[in-house]
1. Name the residues in the stretch 278-299 that are in a helix (DSSP H, G or I) and of a type outside the set (Lys, Arg), would you?
2. Considering only the stretch 181-194, state which residues are over 21 Å from the mean Cα position of the chain (by Cα) and open to solvent by 20 Å² or more (accessible area, probe 1.4 Å).
3. For the stretch 76-83, state whether one or more residues are in a helix (DSSP H, G or I), buried (at least 18 other Cβ atoms within 10 Å of the Cβ) and without any contact (Cβ under 8 Å) to a residue 40 or more places away in the chain.
4. Given the condition modelled with pLDDT of 95 or more, more than 29 Å from LEU81 (Cα to Cα) and not basic (Lys, Arg), answer yes or no: does some residue in the stretch 259-277 qualify?
5. Could you tell me which numbered condition GLY286 fails, if it satisfies all but one of (1) without any contact (Cβ under 8 Å) to a residue 12 or more places away in the chain; (2) touching a helix residue (DSSP H, G or I) at 6+ places or on another chain (Cβ under 7 Å)?
6. Please work out if ALA160 is buried (at least 19 other Cβ atoms within 10 Å of the Cβ) and touching a residue at least 60 places away in the same chain (Cβ under 8 Å).
7. Return the residue satisfying two criteria in turn: it lies in the stretch 84-121 and is in a loop (DSSP other than H, G, I, E, B) and within 14 Å of LEU66 (Cβ to Cβ), and of such residues it is least open to solvent (accessible area, probe 1.4 Å).
8. Determine which member of the set LEU135, LEU226, LEU210 is within 23 Å of PRO40 (Cβ to Cβ), open to solvent by less than 30 Å² (accessible area, probe 1.4 Å) and touching a residue at least 12 places away in the same chain (Cβ under 8 Å).
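The values are calculated or read from the model by the stated rules, or taken from the named source; none is laboratory data. These numbers come from a predicted model, not from an experiment. Counting neighbours? That spans all protein chains shown, and the Cβs are built from the backbone with ideal geometry, glycine included. Calculation scope for accessible area: heavy atoms of the full protein, side chains included, ligands and nucleic acids excluded. Shrake-Rupley method; radii C 1.70, N 1.55, O 1.52, S 1.80 Å.
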Amino acid sequence: MRQGNMPSGVLGRLGRQLLAAVLSAGVLGAATTLRAETLPGSTHPEFRSALESWLADDEAQSLPALARLAQDGNGAARVLLGLIDKKSSLQGPWISALPRQDRIALLRAQGGLSGRNWMAVAAPGIDYAQLWNRLWQLDGGLDIAQGFAAKGDSRAVREALLVLASRQEGSFPPEVLATDWFPAALSYLVAEWPAAPGDIPAPDQGDPQLGMVGQTVDHGHLRTWLGQAELAAPLQQVCDIQCPQQSQECALALYEGLGSYPGLVRLGAPLPYLDAPEGFFRTPRGRASLARRIMLTRSTRMREADLARLADISSCAADWLSSEYARYAYSVPNIPLPAE
């Protein structure tokens, strides 16, 4: 069995069925036009103001405003809150410190014992929300990932493929490498990669995907790869701001902090419809979300030991992470909850 991957010689039953269905429809060979849609309500001045506050990491201002907008039917607010509710890394210290019922009141729609995720409420009228709901409910296959590609959300494509790979019995079939939407960053999920046929270049010797299939990746080559790869741009953006004097070392330390290559693959702006989504990790909320993601990979007991290990790579990165972790240890704030 290959490290970090499915058995190389076995195609999962689901993968076979999905590929047959999609090929029969002629979809995989067709060109996909990436596009960004405007979510309903995304140009509303109140949403723009709330989004700006959220990116500035002002949860006390932004989340109650987004909750009110969602209750008033704003689709963009509903989608963004749905993602924040599902992804702990997007929840900062303010919302994390609230009692459970207060968090539910801010992040979810009313209904049931614990409220309803706003994405489910938005789904009937927003195709993008439908894709997320289908992924969370495991209702579909490669067509979900391709749907995200058509919406211009490359991060969601990668997340969908990781979810699909974890639920099926084997690797994806080599034919997907010839499609124009399957990300090269997940080539290791394809059967027999890197020897599989397909229109992708040979992997760089520092590419962490090689480690996912049991090959050795030298730290020096990995450091170079992290400084050049588009996929590693979030790490570089954070380090350029937080540790400009140790930028390369910082990026390596943050990568090690993520704990795995799939952790890096999942990084990206939560929505492709944010202003300049490629710069999300230059914003205070984006940088905080990376620290939070790393923090959540370790138990509280293990964090200090892990920070000491990362400090051997970059003392600046370890100090920054330590200061971010400390933000989650304070008293419960008073909050203006949305009206019933």
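1. Those that are in a helix (DSSP H, G or I) and of a type outside the set (Lys, Arg): GLU278, GLY279, PHE280, PHE281, PRO284, GLY286, ALA288, SER289, LEU290, ALA291, ILE294, MET295.
2. Kept after step one, since they are over 21 Å from the mean Cα position of the chain (by Cα), are these residues of the stretch 181-194: 191-194.
If the condition is that a residue be over 21 Å from the mean Cα position of the chain (by Cα) and open to solvent by 20 Å² or more (accessible area, probe 1.4 Å), then GLU192, PRO194 are the ones that fit.
3. yes
4. no
5. (1)
6. no
7. GLY92
8. Working: LEU226 fails: within 23 Å of PRO40 (Cβ to Cβ); LEU210 fails: within 23 Å of PRO40 (Cβ to Cβ).
Sole residue among the options that is within 23 Å of PRO40 (Cβ to Cβ), open to solvent by less than 30 Å² (accessible area, probe 1.4 Å) and touching a residue at least 12 places away in the same chain (Cβ under 8 Å): LEU135.
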